[in-house]
Amino acid sequence: MEAENPVSVEDAILERVRTLPPEKREEVLRFAVSLSEPRETRAPLRSPRGLWADFDVDISEEDIAELRREMWKNFPRDDI
């Protein structure tokens with residue numbers, strides 16, 4: 001839009017839409033309708049500590065390291 005010829009946003013949109021083929025016009029309409037619909041809100045992500053808070057679980061980093069060692073001890077390794 002140029003400063004000498006102020007054009008409203010609505011006029012600029014209509015001007016662009018009129019140049020589109022019918023299937024693209026329908027796509028623009030679907031998009032405009034979706035913008036006016038209420039958005040779905042997601043629940044905020046919670047940390048694992050927050051998820052475990054109600055279970056009275058106390059796991060240390062050493063506990064996790066030990067479980068990892070136990071889990072991976074029989075995993076086949078290529079000795080290079």
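All of the numbers you see were taken from the coordinates with simple rules; none came from a lab. Every value quoted in this text rests on a predicted model; they were computed, and no experiment measured them. Here the Cβ is made from the backbone with ideal geometry for all residues, glycine too, and neighbour counts use every protein chain on show.
Let me check I've understood the local charge: for Arg68, count other residues with C-beta under 13 angstrom from its C-beta, Lys and Arg +1, Asp and Glu -1. What total comes out?
In short, -3.
Run the dipole for region 6-80 about the Cα centre, Lys and Arg Cβ at +1, Asp and Glu Cβ at -1, nothing else charged, and hand back the magnitude in debye, nearest 20. Can you show the working numbers first?
Numbers: 13 positive and 18 negative charges, 94 e Å.
My answer is approximately 460 debye.
Using Cα springs under 10 Å in a Gaussian network model of the chain, which residue among Arg69, Arg42, Arg30 shows the largest mean-square fluctuation?
In this elastic network of the chain, the residue with the biggest mean-square fluctuation among Arg69, Arg42, Arg30 is Arg69.
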